[in-house]
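Colleague: I have a structure I would like to understand better, so I am pasting it below and will then ask my questions one at a time.
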Amino acid sequence: MSEPDAEIVQFDNVGLRYGTGKEALTDISFTLYPGRFYFLTGASGAGKTSLLKLLYLAQRPSRGLIRMFGTDAITLPRERLPGFRRRLGVVFQDFRLVQHLSAFDNVALPLRVAGVAEREITKPVDEMLDWVGLADRRHARPATLSGGEQQRVAIARAVIARPDMLVADEPTGNVDPEMALKLLRLFESLGRLGTTVVVATHDVHLIRKVPDSLIMRLDKGRLSDPTGALRYPPRRAVPLGEPVISAAPRNADGGPPLGFAPA
Amino acid sequence: MNAAALFGGSQRGEPGLLPDPRLGSPMPWVIAIVIALTVIAAASGLGLRNAATRANADLNGGVTVQIVTAAPVARNRQADAALAVLSRFPGVTEARRVQQDQLDSLLEPWLGTRPGDTIDDLPIPALIDLRLATPATPDRVSALRNAITGVAPTARVDAQAAWLTPVFRAITTLQWLAGGLIALLAMATVAAVVLAARNALVSHRETIAIVHMLGGTDAQIARVFQRTAAMEAAAGGILGLFAGVLAIVVLSRQFSALGSGMAAGAVLRWTDWLVIATIPIGGVALAVLTARLTVLSALRRML
């Protein structure tokens, strides 16, 4: 197997404490590599969302080191945070859509924030909405969308700018199995383009659908298996960091849209 | 980057990052009141300055010589002699004796001129009005006094400007007061915008957090608030300017009706009107700057 690519994220002995309570995350150490698919599992309250918050830079750790895209993320000046965040796609568990914007405008938001010209926005956003089955709801506000529809808008928004890393918290919790599978195909396609995908989920069936994924299991704030040995199903133990590339053709015809491609 | 497209309400109608973050519906009214008061204060200050300048120009080289003696013959003789000396005195551009009918009209409001009045029997001083080429400094006044002492021993020589010194002092104080009022009103504007911007930030906190998470910069978010502040301040500014100008017009008519020479000098020049017209622009700039600094300061406390 070839040498792994340069790591995209590295956690070293990271701890997170809210206020003066006990640590929500303790001694977390792992490395994420480009283009790979990671599942983050664990019981409710195990610290999955806290770990994701550290990954999408919504929280600073109480201790330890975090390197992201080759830079120390702990001491990253605040002015540089937006540039880092534009390299991330985030699917929040509660969607966090902007309520006054339509589905189209919510999906277009990362592109507008990044300063993409308006004429270059419409096509990829429409394609993405079509892919997630919301072409006819492009003008709908979040309040008029069902939970599943809102989740699909949130996913479309997270992937539209083709991020270097996608972080998703229970991204298929509100969609039917067929749509869940479709969304997983989208994530995998992004992975083939080099996006690192981290999906937090309880859904064992979902994990089964991505056999080449690596699993990180959190248990009471500790990463119990950073090596990926507990990947489900446990066909073979793959050390974390070893590349796992799907044999599926890259961006095959009929595949999902892959977000914004600069002209 | 097309900022207009990002921040909404653009000429093409693209949606914005945030819903129109109204700084607060009373905001334009508060700005209107502040601008109206600022316009009135500024117009007062400028008008007083003009009145003082004009009065000063009129009186600066003016000197009055009074021949104070009860004997009419001696008074006339001394007045004529003094006039003759002063007419030839270096630096005197004009010397004229104030005629009796002019004196009568000056005294009429106090002494009357109806038949039976005894005004002709009163020992009213003879007056000589002098215009100097240069300001009537104490040295110049003293030189004039010395020049006529021999021919008019009862003469009293005074610089006209000296009589109005207390008035000029009062005008200067009023001008400072107007400036102070304008500063206070500017502070009131800042306070109102700070409070409104903070409230708007609280109401849009969740959306701002999302925009941050998507890589939005503080400057991008601040521009949304700046645009709203500009629009609300502009609306209030125009309204306030209109109300202020209306008040100035009404006040100036009433002052004109006083018929006082000093009040007539308090006329606003076109440059003054230009200054007044820039007040709403200053108000908008102040509101925008305040909104920007308030929002940026609050955003810095967010991750």
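The values are calculated or read from the model by the stated rules, or taken from the named source; none is laboratory data. Just so it is clear, the structure is predicted and the values come from calculations on it, not from any experiment. Please note: Cβ atoms are built from the backbone with ideal geometry, for glycine as well, and neighbour counts cover all protein chains shown. Just the protein is used for accessible areas: all its heavy atoms, side chains included, with ligands, DNA and RNA removed. Shrake-Rupley method; radii C 1.70, N 1.55, O 1.52, S 1.80 Å.
Colleague: Within the range A:71-94, which residues are at pLDDT 90 or above and farther than 26 Å from B:Arg300 by Cβ?
Modeller: Matches in the range A:71-94: A:Val91 only.
Colleague: Please pick out the residue among A:Arg162, A:Arg152 that is at positive phi and either of a type outside the set (Gly, Ala, Ser) or modelled with pLDDT of 90 or more (or both). So that I can check it myself, show each step before the final result.
Modeller: Values: A:Arg152 fails: at positive phi.
The unique qualifying residue is A:Arg162.
Colleague: Among residues belonging to the range B:187-212 that are open to solvent by 40 Å² or more (accessible area, probe 1.4 Å) and either at positive phi or under 26 Å from the mean Cα position of the chain (by Cα) (or both), point out the one that is nearest to the other protein chains (Cβ to nearest Cβ).
Modeller: Within the range B:187-212, the first condition is being open to solvent by 40 Å² or more (accessible area, probe 1.4 Å), and the residues that meet it are B:187-188, B:190-191, B:195, B:198-199, B:202-203, B:205-206.
Pick out the ones that are also either at positive phi or under 26 Å from the mean Cα position of the chain (by Cα) (or both) and you get B:187-188, B:190-191.
Numbers: B:Met187: 30, B:Ala188: 31, B:Val190: 26, B:Ala191: 28 Å.
This residue is B:Val190.
Colleague: Another question, if that's okay. For A:Ala135, indicate whether it is modelled with pLDDT of 90 or more and at negative phi.
Modeller: yes
Colleague: What residue, among those in the range B:136-167 that are of a type in the set (D, E, K, R) and within 25 Å of B:Arg75 (Cβ to Cβ), is surrounded by the most Cβ atoms within 10 Å (Cβ to Cβ)?
Modeller: Step one: of the range B:136-167, the residues of a type in the set (D, E, K, R) are B:139-140, B:145, B:156, B:158.
In the following step, the residues that additionally are within 25 Å of B:Arg75 (Cβ to Cβ) were identified as B:140, B:145, B:156, B:158.
Numbers: B:Arg140: 20, B:Arg145: 16, B:Arg156: 12, B:Asp158: 15.
It comes out as B:Arg140.
Colleague: Here is a list: A:Ser44, A:Ser50. Which entry is open to solvent by 20 Å² or more (accessible area, probe 1.4 Å) and of a type in the set (Ser, Thr, Tyr)? Break it down stepwise before answering.
Modeller: On the way: A:Ser50 fails: open to solvent by 20 Å² or more (accessible area, probe 1.4 Å).
That would be A:Ser44, the only listed residue that is open to solvent by 20 Å² or more (accessible area, probe 1.4 Å) and of a type in the set (Ser, Thr, Tyr).
Colleague: Going residue by residue through the range A:178-186, is there one that turns out to be open to solvent by less than 10 Å² (accessible area, probe 1.4 Å), in contact with a strand residue (DSSP E or B) (Cβ under 6 Å, 6 or more places away or on another chain) and in contact (Cβ under 8 Å) with a residue 60 or more places away in the chain?
Modeller: no
Colleague: So, one more: Identify, from the list A:Phe30, A:Phe95, A:Phe37, the residue that is within 11 Å of chain B (Cβ to nearest Cβ) and of a type outside the set (S, T, N, Q). Write out each step before concluding.
Modeller: Working: A:Phe30 fails: within 11 Å of chain B (Cβ to nearest Cβ); A:Phe37 fails: within 11 Å of chain B (Cβ to nearest Cβ).
Of A:Phe30, A:Phe95, A:Phe37, the one residue that is within 11 Å of chain B (Cβ to nearest Cβ) and of a type outside the set (S, T, N, Q) is A:Phe95.
Colleague: Would it be correct to say that B:Leu59 is at pLDDT below 80, buried (at least 16 other Cβ atoms within 10 Å of the Cβ), hydrophobic (A, V, I, L, M, F, W, C) and on the phi < 0 side of the Ramachandran plot? Before the answer, list the steps.
Modeller: Working: at pLDDT below 80: yes; buried (at least 16 other Cβ atoms within 10 Å of the Cβ): yes; hydrophobic (A, V, I, L, M, F, W, C): yes; on the phi < 0 side of the Ramachandran plot: yes.
Criteria met by B:Leu59.
Colleague: Name the residues in the range A:19-42 that are assigned to a loop (DSSP other than H, G, I, E, B) and under 19 Å from the mean Cα position of the chain (by Cα), would you? Outline the logic, then answer.
Modeller: Restricting attention to the range A:19-42, the residues satisfying the condition of being assigned to a loop (DSSP other than H, G, I, E, B) are A:19-22, A:33-36.
Listed by number, the residues that qualify are A:Tyr33, A:Pro34, A:Gly35, A:Arg36.
Colleague: Going by what's in this entry, would A:Pro142 be described as crowded, with 16+ Cβ neighbours inside 10 Å, on the phi < 0 side of the Ramachandran plot, within 11 Å of another protein chain (Cβ to nearest Cβ) and of a type outside the set (Lys, Arg)?
Modeller: Values: crowded, with 16+ Cβ neighbours inside 10 Å: yes; on the phi < 0 side of the Ramachandran plot: yes; within 11 Å of another protein chain (Cβ to nearest Cβ): no; of a type outside the set (Lys, Arg): yes.
No, not satisfied.
Colleague: Here's a follow-up. If you scan the range A:100-138, which residues turn out to be more than 14 Å from chain B (Cβ to nearest Cβ), open to solvent by 10 Å² or more (accessible area, probe 1.4 Å) and in contact with a helix residue (DSSP H, G or I) (Cβ under 8 Å, 6 or more places away or on another chain)? Quick ask: steps written out before the conclusion?
Modeller: Of the range A:100-138, the ones more than 14 Å from chain B (Cβ to nearest Cβ) are A:123-124, A:126-137.
Now restrict to residues that are open to solvent by 10 Å² or more (accessible area, probe 1.4 Å): A:123-124, A:126-127, A:130-131, A:133, A:135-137.
Within the range A:100-138, A:Pro124, A:Asp126, A:Trp131, A:Gly133, A:Ala135, A:Arg137 qualify.
Colleague: Output the qualifying pairs, or none if there are none: Cβ atoms under 9 angstrom, residues six or more apart or on different chains, first residue in the range A:21-42 and under 15 Å from A:Asp169 (Cβ atoms), second residue of a type in the set (Asp, Glu) and open to solvent by less than 30 Å² (accessible area, probe 1.4 Å).
Modeller: Qualifying pairs under 9 Å: A:Leu40/A:Asp169.
Colleague: Continuing with this model, one more query. Could you grab me the full set of residues in the range A:79-92 that are open to solvent by less than 20 Å² (accessible area, probe 1.4 Å) and within 7 Å of another protein chain (Cβ to nearest Cβ)?
Modeller: Passing the criteria: A:Pro82, A:Arg85, A:Val90.
Colleague: Hey, can you tell me all the residues within the range A:10-34 that are among the hydroxyl-bearing types (Ser, Thr, Tyr) and open to solvent by less than 60 Å² (accessible area, probe 1.4 Å)? Before the answer, list the steps.
Modeller: Pass one, the range A:10-34, residues among the hydroxyl-bearing types (Ser, Thr, Tyr): A:18, A:20, A:26, A:29, A:31, A:33.
The answer is A:Thr26, A:Ser29, A:Thr31, A:Tyr33.
Colleague: Moving on to the next point. Where residues in the range A:53-78 are part of a loop (DSSP other than H, G, I, E, B) and within 10 Å of another protein chain (Cβ to nearest Cβ), which of them is surrounded by the fewest Cβ atoms within 10 Å (Cβ to Cβ)?
Modeller: A:Arg60
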